[in-house]
Amino acid sequence: MIPITRPLLGSEEQRAAGEAIASGWVTQGPRVAAFEKAFAEYCGSKFAIATSSCTTALHLALLAAGVGPGDEVICPSMSFIATANAIRYCGAKPVFAEVCADDFNLDPDAIEPLITERTRAILPVHQIGAPAEIDRICRIGESHGLVVVEDAACAIGSSFKGARIGKPFGKFACFSFHPRKVITTGDGGMITTDDEEADREFRLLRQHGMGTSDMARHSSGKVMIESYVCLGYNYRMTDIQAAVGIEQLKKLDDIVAARQRLAQVYNRAFVDLPGVLTPSFPSEIECNYQSYVVRLTGEAKMSRNELMQWLLEHDIASRRGIMTIHREPAYSDLCTGLKLPVSERVADNSIILPLYPQMTDHEQRQVVRATREALAV
Ligand SMILES: *Cc1c(COP(=O)(O)O)cnc(C)c1O
């Protein structure tokens, strides 16, 4: 069976995790600090704050953006459900905007009509690694006094107009290290920002609102009694995870290059298939191809679900494209009657094909052959 993805973990990560365990310091500590430093350097941000996941990173970023009960946050419905859940954790309401059909990203033109006096923030998603039109979105945010928080869960290693995602363009960018993403720490997340005050706030919030860090207390020559200065959370990353993350970050450029090469092979192999739209990006965008998604049009010989079944019967895993949140039962009360025709159409007609950096040419040929057999006329 050819899997949809496979994390690239090797003896380097195994050794690093083992060293963290042998050191006796396993929760947030020196390795988290080192991972944060390396991550900020990679993205070109002033600060990077590690968290337990991208979901908790988004929650903290929205809190720091001042999002609270009764507020509204504009985001795409076409995203993983955590995007909207993080808004609801703040007691706020996600207001779903349409996406562009060609790259699944938030349509900047759809944002302004949704802005009300309750809107606090805009939460664009860099879909499956492809950067949204973030400069325009930030200009819209600025002109309305709204904070822009980037859901960059899948976008580590991508860039927009020559700058790495995470730089950050908005006030905050949030990343995921779940195994489905480009690099992994098992689970884990990161916030990047250039705002020093927010950096301090994140460090408090992720650690129970505790005014003194474990490391400061541990290394102090004097007795320190900590105090808890605000309502905080336990959203820490462990040092075992960070040890893995440090090694993964060293491999990131090679992982992205391998993903881009494989994506180009797919693009060339499918160019003449009727009803198949392969991903393509303007030159100002560099995509890490966290996933390889094709969209089927009415001309395709099979429906999306038929193609998925066909591939399964040929020992090839596939997944539906990005979901829509507004059609999920958990959102039915919030979204009664809401119709997002573009999001619904592209979500229902797109399919993710296997792509991982260690994929062999033989494996990829197998996927290409089965897909062509299904769809060629
Ligand atoms: C994966 C993902 C998340 C959640 O990331 P976790 O680290 O699993 O919490 C959020 N948003 C998007 C767009 C994602 O793809």
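Tabulated data
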| item | result |
| --- | --- |
| Highest-MSF residue in the chain out of THR83, THR212, THR238 [GNM, Cα springs under 10 Å] | THR212 |
| Selected from HIS126, HIS208, HIS178 as most flexible by GNM, with the chain as the system and alpha-carbon contacts under 10 Å | HIS208 |
| Cα-derived Rg over Rh, computed across the chain with Rh taken as Kirkwood radius | 0.99 |
| Derived scalar couplings ³J(HN,Hα) [the range 312-321; Karplus, 6.51 cos²θ - 1.76 cosθ + 1.60; whole Hz; x for Gly, Pro] | 4, 5, 9, 6, 10, 7, 9, 9, 4, x |
| Nearest-0.05 FRET efficiency for MET215 and GLN366, computed from C-beta distance (R0 56 Å) | 0.70 |
| Residues in the range 149-189 reached by a label modelled at GLN260 [backbone nitrogen below 13 Å; 7 Å Cα→Cβ] | 157-165 |
| For the range 231-377: relative contact order, % (alpha-carbon pairs under 8 angstrom, 6 or more apart) | 30 percent |
| Pairwise FRET efficiency - ASN234 versus GLN309, Cβ, R0 = 45 Å, nearest 0.05 | 0.60 |
| Helix-only mean residue ellipticity at 222 nm for the chain, each DSSP H run of n ≥ 4 adding -39500 (n - 2.57), per residue, nearest 500 | -11500 deg cm²/dmol |
| Sparsely packed GluC sites (Glu not before Pro) within the range 279-338, loop by DSSP, other Cβ within 10 Å at most 13 | GLU284, GLU299 |
| Candidates per chymotrypsin sites (Phe, Trp or Tyr not before Pro) in the range 154-192, loop by DSSP, up to 12 other Cβ within 10 Å | none |
| Inter-label distance, nm, simple model (7 Å from Cα along the C-beta direction), ALA317/ILE81 | 2.0 nm |
| Segment VAL377-MET224, extension gain: residue separation times 0.36 nm, minus the distance between their alpha carbons | 47.7 nm |
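Read the figures in this text as sums done on the coordinates, not as results from a lab. The structure presented is a predicted model; accordingly, all values stated were derived computationally and were not measured. Cβ atoms come from the backbone with ideal geometry, glycine included; neighbour counts cover every protein chain shown.
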